[in-house]
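Colleague: Below: one structure in structure tokens.
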Amino acid sequence: MPPQPVSRTGPWRRLTAVSAEGVASGTPYMVGTKLLQGWLAASGVPLGLIGLLAYAELPYTLKMVWAPLLDRWPIPWPDRRRGWLLLLQLLLVGLIAAMAGLRPGKDPASLTAIGVLAVALALVSATQDIVVDAYRSDLLPEQERGAGAAATNLGYRGAMLAVGAGGFILASRYGWPLAFLGSAALMLLVVPFTLTAPPLPPIEHQVRSLRQAVVGPAREFLQRTGRGRAVMVLALVLLYRWPDGLLNVMTVPFLIQQGFSPAVVGSVLAGWGIGATIVGTILGGLLFSRLGMNRSLWLFALVGAAGNLGYWALAQFHGGSTGLLLAVGLENLGGGLVGAAFVALLMSLCNPRFSATQYALLSGVYALSRSVLSGQAGFMAQGIGWSNFFLLTAAASLPAFLLMAWLTPWHGDGVKGAFDPSRDST
């Protein structure tokens, strides 16, 4: 079979498209979490009830369950991915705008309406994330995947700033309903980008049944990699960002215990930290095109581990405000680099026939490192002390390096077990 065709558009048009879809992913997530939490808190809703909103985020964890439906029943216009994107984005515009009509209060009726809308928003947003990931994986050729991951992250972070900062500014000056309407307008601005985004090339052997959509992704992955190597690939997906998961759980408690005020911690993490992440993301995209997949995975993981050691130095030597800025800056710079390489890794492992399901499954495996594998971080820090804990989080990168020595050797040119269009006969 000849290689899978690549979209006949320029790279900048493709990168602009995936950046816009990053905005589309970040906007509803921030609305359903930070913005809605702020409105409920300002309206005097009890904290216990606000905390229940965490359950509304379950669709982001469970999205792999219905991902096969999107592979099985594509909406053909404008193409198999953008058809779903258009429908879901218009639904998100309506849901976010509907939230502007809420009147948070303590009566059960208003709280029920808020809960229903929050769950609906998360469900549609998580479904859109499935399609955004699949569209990006299907659209970008291998040499653009690092830049594409960076462009997506930039769009996502831009939406976080627009909704997280701009939304709260609008709310403080003109009221909360206008903040939600402004977020709906931001979501609506993405629709023209989706309509004019590069079309996907046609694929052979399309999914023809629901059984094929459910069973086919795992079967194709196992046939392509072999069972033994499949376990190693999934282990790499699980462990590559495990140091991040361990660190992120304990960053804020550590800084508070070090004597930094909550205001300083919040401003440094939100402002300086996001800025460093954006720099790392841009740098990761630029370097990826020069280094290739394998060397990027190795070098970026080393920088990520160095970021964890920055917190060890802060705990060991008490660097004050300067140490805080250096530790947060290095950690987030490394996080931007690692994130760019990791998204490119996941894209390389997906067959375009099943990219919605396979990407959702792979991202679900990764999510376990943030939850199950990192759930004991607090007990570890309490038991061995902060300095030793941060050394341990850096050492948590070693299993991934051992796996990369076999799967992504330094002098190799791709992941062993990645999708090869010339061998796709499923």
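The values are calculated or read from the model by the stated rules, or taken from the named source; none is laboratory data. Please read these numbers as outputs of a predicted model, since none were measured by experiment. Cβ atoms come from the backbone with ideal geometry, glycine included; neighbour counts cover every protein chain shown.
Colleague: Being among the aliphatic types (A, V, I, L, M) and closer than 20 Å to Arg136 by Cβ is the filter; apply it to segment 198-235 and report the residue that is surrounded by the most Cβ atoms within 10 Å (Cβ to Cβ).
Modeller: Val233
Colleague: Right, another one. What are the pairs, 6+ residues apart or on separate chains, where a residue within segment 328-352 that is over 21 Å from Leu15 (Cβ atoms) has its Cβ under 7 Å from a residue that is assigned to a helix (DSSP H, G or I) and of a type in the set (Asp, Glu)?
Modeller: Asn351/Glu220
Colleague: Continuing with this model, one more query. Among the residues of segment 63-113, count how many are acidic (Asp, Glu) and out of contact with any helix residue (DSSP H, G or I) (no Cβ under 8 Å at 6 or more places or on another chain).
Modeller: Selection size over segment 63-113: 2.
Colleague: If we scan segment 175-188, do we find a residue that is surrounded by fewer than 20 Cβ atoms within 10 Å (Cβ to Cβ), out of contact with any His (no Cβ under 6 Å at 6 or more places or on another chain) and on the phi > 0 side of the Ramachandran plot? Lay out the reasoning, then the answer.
Modeller: So the first thing to find is which residues in segment 175-188 are surrounded by fewer than 20 Cβ atoms within 10 Å (Cβ to Cβ), and the list is 175, 177-178, 181, 185, 188.
Within this subset, residues satisfying the condition of being out of contact with any His (no Cβ under 6 Å at 6 or more places or on another chain) are 175, 177-178, 181, 185, 188.
The next check asks that each one be on the phi > 0 side of the Ramachandran plot; those that pass are 175.
Yes, segment 175-188 contains a residue that is surrounded by fewer than 20 Cβ atoms within 10 Å (Cβ to Cβ), out of contact with any His (no Cβ under 6 Å at 6 or more places or on another chain) and on the phi > 0 side of the Ramachandran plot.
Colleague: Still on this structure, please answer the following. Looking at segment 175-231, which of its residues are more than 30 Å from Met160 (Cα to Cα) and among the β-branched types (Val, Ile, Thr)? If you could, list the steps in order and put the result at the bottom.
Modeller: Start the filter on segment 175-231 by keeping residues that are more than 30 Å from Met160 (Cα to Cα), which leaves 201-231.
Matches in segment 175-231: Ile203, Val207, Val214, Val215, Thr225, Val231.
Colleague: Another question, if that's okay. For segment 68-83, which residues satisfy the criterion of being in a helix (DSSP H, G or I) and buried (at least 23 other Cβ atoms within 10 Å of the Cβ)? Reasoning before the result, please.
Modeller: Taking segment 68-83 and keeping what is in a helix (DSSP H, G or I), we get 68-72, 82-83.
Of everything in segment 68-83, those that are in a helix (DSSP H, G or I) and buried (at least 23 other Cβ atoms within 10 Å of the Cβ) turn out to be Pro68, Leu70, Asp71, Arg82.
Colleague: I'd like to know if segment 380-389 contains one or more residues that are of a type in the set (A, V, I, L, M), crowded, with 16+ Cβ neighbours inside 10 Å, at pLDDT 90 or above and part of a helix (DSSP H, G or I).
Modeller: no
Colleague: Does segment 163-176 hold any residues that are among the small types (Gly, Ala, Ser) and assigned to a helix (DSSP H, G or I), and which are they? Step through it out loud before you land on a result.
Modeller: Initial filter on segment 163-176 (among the small types (Gly, Ala, Ser)): 164-167, 171-172, 175.
Gly164, Ala165, Gly166, Gly167, Ala171, Ser172, listed by residue number.
Colleague: Right, Val65: surrounded by fewer than 16 Cβ atoms within 10 Å (Cβ to Cβ) and either modelled with pLDDT of 85 or more or touching a Gly at 6+ places or on another chain (Cβ under 9 Å) (or both) or not?
Modeller: yes
Colleague: For segment 231-271, how many residues meet the condition of being of a type in the set (A, V, I, L, M), over 18 Å from Leu330 (Cα atoms) and touching a residue at least 60 places away in the same chain (Cβ under 8 Å)? Steps first, answer last, please.
Modeller: The initial filter retains those residues of segment 231-271 that are of a type in the set (A, V, I, L, M), namely 231-239, 246-247, 249-250, 252, 255-256, 263-265, 268-270.
Imposing the further condition that a residue be over 18 Å from Leu330 (Cα atoms) reduces the set to 231-239, 256, 263.
Among the residues that remain, those that are also touching a residue at least 60 places away in the same chain (Cβ under 8 Å) are: 232-239.
Of the residues in that region, 8 qualify.
Colleague: Answer yes or no as to whether Gly228 is free of Cβ contacts under 8 Å to residues at least 40 places away in the same chain and either touching a Pro at 6+ places or on another chain (Cβ under 9 Å) or more than 30 Å from Leu286 (Cα to Cα) (or both).
Modeller: yes
Colleague: Continuing with this model, one more query. One residue is enough: does segment 156-177 have a residue meeting the conditions at pLDDT 90 or above and farther than 26 Å from Ala276 by Cβ?
Modeller: So far as segment 156-177 goes, yes, one or more of its residues are at pLDDT 90 or above and farther than 26 Å from Ala276 by Cβ.
Colleague: Can I ask one more? Can you run down the residue pairs with Cβ atoms below 7 Å, 6 or more apart or on separate chains, where the first is in segment 35-60 and of a type outside the set (Phe, Trp, Tyr) and the partner is not in a helix (DSSP H, G or I)?
Modeller: Leu40/Pro104; Ser43/Pro104; Ser43/Gly105; Val45/Pro104; Val45/Lys106
This table checks each residue for (1) within 19 Å of Pro59 (Cβ to Cβ); (2) not in a helix (DSSP H, G or I).
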site: Arg103; (1), (2): no, yes
site: Val116; (1), (2): yes, no
site: Leu123; (1), (2): yes, no
site: Ala126; (1), (2): yes, no
site: Asp138; (1), (2): no, no
site: Gly146; (1), (2): no, no
site: Thr152; (1), (2): no, no
site: Gly155; (1), (2): no, no
site: Leu161; (1), (2): no, no
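Colleague: Then there is this: When only residues in segment 255-265 that are touching a helix residue (DSSP H, G or I) at 6+ places or on another chain (Cβ under 9 Å) and either outside the structural domain of Val338 (by TED's automatic domain parsing) or of a type outside the set (Phe, Trp, Tyr) (or both) count, which is surrounded by the most Cβ atoms within 10 Å (Cβ to Cβ)? Even if it seems obvious, please write down each step before you answer.
Modeller: Residues of segment 255-265 touching a helix residue (DSSP H, G or I) at 6+ places or on another chain (Cβ under 9 Å): 255-258, 260, 262, 264-265.
Next cut, either outside the structural domain of Val338 (by TED's automatic domain parsing) or of a type outside the set (Phe, Trp, Tyr) (or both) only: 255-258, 262, 264-265.
Details: Leu255: 22, Ile256: 13, Gln257: 12, Gln258: 17, Pro262: 10, Val264: 14, Val265: 20.
By that ranking, first place goes to Leu255.
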